[in-house]
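Accompanying notes for the structure given below.
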Amino acid sequence: GVSDWTEGQVFTITTSGRHSIQYYAVDAAGNEESTKTGFVRVDLEAPPAPVNLRAEQVGWQSENNFSVTWDNPLDTSLIGAAYYKLGAPPAGPGDGTLVPNLLSPRIDDIRVPAEGKHDLYVWLRDNAGNFDYTHYAYLPQAFWYDATPPTTTYTITGTPGFADWYRSPVSITL
């Protein structure tokens, strides 16, 4: 009945989750509308760090195109995006590359800035927009990039003759 309800009640939801609310109005003449139900989804926490962060490519790669996967942690509104940074931990909220609209726990087409071994940091944003750059997973030396073809030279040991000919057996050292 009407006594279970408070007129003009303002209340605050302070816990994460999907909450149902019931409400109705009564006018000065005593007319009462039917009870309505609404739903409010609240997510107050940033997601934890990715779990089991791993590079798809292992060892030295000649193509500057890398991928990483992980297992999503539990989060009230689920994971919707990820950030990554190469080389050093993120120093602030905007210090990383955003990968929006994740359909799976995976980032493709990561390019490293130079040849060598590169550390990787990944943190997550949930579908409510919560993220905390200090909740990152760290993968040391995640990507190994080497695009420079090898080179070799040789030296010849023997008795030289004329016109680039040798007059003895020769040893070739590479």
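Per residue, what accessible area does the chain have, given a 1.4 Å probe and all protein chains present, in Å²?
68 Å²
Net charge near Gly92: determine it from the other residues with C-beta under 12 Å of the C-beta of Gly92, scoring Lys and Arg +1 and Asp and Glu -1.
Values: positive: Lys85; negative: Asp95, Asp132.
The answer is -1.
For Leu120, which sequence-distant residues (separation of 5 or more, or a different chain) have an amide H within less than 5 Å of its own amide H, given hydrogens modelled in the peptide plane?
Close amide H contacts, sequence-distant or interchain: Gly87, Leu139, Gln141, Ala142.
Could you work out what % of the accessible surface of segment 45-149 is carbon and sulfur, using a 1.4 angstrom probe and leaving DNA, RNA and ligands out of the count?
Numbers: 2780 of 5490 Å².
Percent of accessible area from carbon and sulfur atoms in segment 45-149: 51.
Can you report the principal axis dimensions of the chain using only the alpha carbons, biggest first, rounded to whole angstrom?
Largest to smallest, the principal-axis extents are 122, 25, 22 Å.
Sorted by packing (mean other beta-carbon atoms within 10 Å per residue), highest first, where do 14-21, 50-57, 102-109 land?
Values: 14-21: 10.6, 50-57: 16.0, 102-109: 13.0.
Highest to lowest by the protection proxy: 50-57, 102-109, 14-21.
Distance in nm between label sites at Asn101 and Val10, each 7 Å beyond Cα in the beta-carbon direction?
3.9 nm
Pick from Trp144, Trp70, Trp60: which is most flexible by mean-square fluctuation in a GNM of the chain where alpha carbon atoms under 10 Å apart are linked?
Among Trp144, Trp70, Trp60, the largest GNM mean-square fluctuation belongs to Trp60.
Work out, step by step, the length gained on full extension between Thr35 and Arg54: first 0.36 nm times the residue separation, then minus their alpha carbon distance; give nm to one decimal. Walk me through the intermediate numbers first.
Values: separation 19, 0.36 × 19 = 6.84 nm, distance 5.12 nm.
Separation in residues times 0.36 nm, less the Cα-Cα distance, equals 1.7 nm.
Treat every Asp and Glu Cβ in the chain as -1 and every Lys and Arg Cβ as +1, leave all other atoms uncharged, and give the resulting dipole magnitude about the Cα centre to the nearest 20 debye.
Numbers: 10 positive and 20 negative charges, 170 e Å.
Dipole size: approximately 820 debye.
The values are calculated or read from the model by the stated rules, or taken from the named source; none is laboratory data. From a predicted model like this one, the values you see are computed outputs, not experimental measurements. Virtual Cβ from ideal backbone geometry, glycine too; neighbours counted across all protein chains shown. Surface accessibility is based on the protein's heavy atoms, side chains included, excluding ligands, DNA and RNA. Shrake-Rupley method; radii C 1.70, N 1.55, O 1.52, S 1.80 Å.
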